[in-house]
Amino acid sequence: MERVCLECGSVIKGRADKKFCDDNCRSIYNNKRNGDISAYMKRINAILRKNRNILAEHNPITTAKINKKQLLSEGFNFEYFTSTFTNKEGKVYFYCYEQGYLPIENDWFFLVKKKEY
């Protein structure tokens, strides 16, 4: 039985487990298959990366303080974060990868870095 390329339908020659006639067809097939999901994920990852970079820029050591106005002026998006941590006192820290922030008084934020163990 002849095997055919999943993308273009050409006859495949070579290994028994080969699914595509060449790398171009493999790329086209996978781009079509993952295009919508990839675009969505790329958009979200870009927002998270930007948030992380803004936090890292303002927190070069281990802790710092910054106001909401400054974060917003640099394009920080508070709707996106990678995780949260609630301490014993019930305070919720929001993280963009290893960079985090804790909302404090009067639209100020305490910036932190996750400790690597």
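Hey, if you put +1 on the Cβ of every Lys and Arg and -1 on every Asp and Glu Cβ in the chain, which of 104, 44, 54 ends up farthest toward the positive end of that dipole? Of the listed residues, the answer is 44.
I'd like the projected area of segment 23-113, averaged over all directions, using the convex hull of its alpha carbons. Report it in nm² with one decimal.
Working: hull surface 31.8 nm².
Orientation-averaged projected area of the Cα hull: 8.0 nm².
In straight-distance terms, cross-link reach from residue 19 covers every one of the lysines whose alpha-carbon lies under 25 Å from its own, apart from those fewer than eight places away in the same chain; here that gives 32. Only helices enter this figure: runs of n ≥ 4 DSSP H residues, each worth -39500 (n - 2.57), summed and divided by the residues of the chain, yield -12500 deg cm²/dmol at 222 nm to the nearest 500.
In the structure shown, the pairs 42/91; 42/113; 65/113; 50/114; 42/68 are assessed against 22 Å; a Cα-Cα span above that value is assigned to 42/91; 42/113; 42/68. Note on residue 42 and residue 23: the model spin-label points, each 7 Å out from Cα along the C-beta direction, lie 1.9 nm apart.
Where nothing but the Cβ of Lys and Arg (+1) and of Asp and Glu (-1) is charged, how large is the charge dipole of the chain around its Cα centre, in debye to the nearest 20?
Charge dipole, the chain, about its Cα centre: 240 debye, nearest 20.
Quick note: the coordinates plus some simple rules give every number you see, no bench work behind them. As the structure is a computational prediction, the values presented were derived from the model and not from experiment. With ideal geometry, Cβ positions are generated from the backbone for all residues, glycine too; neighbour counts draw on all protein chains shown.
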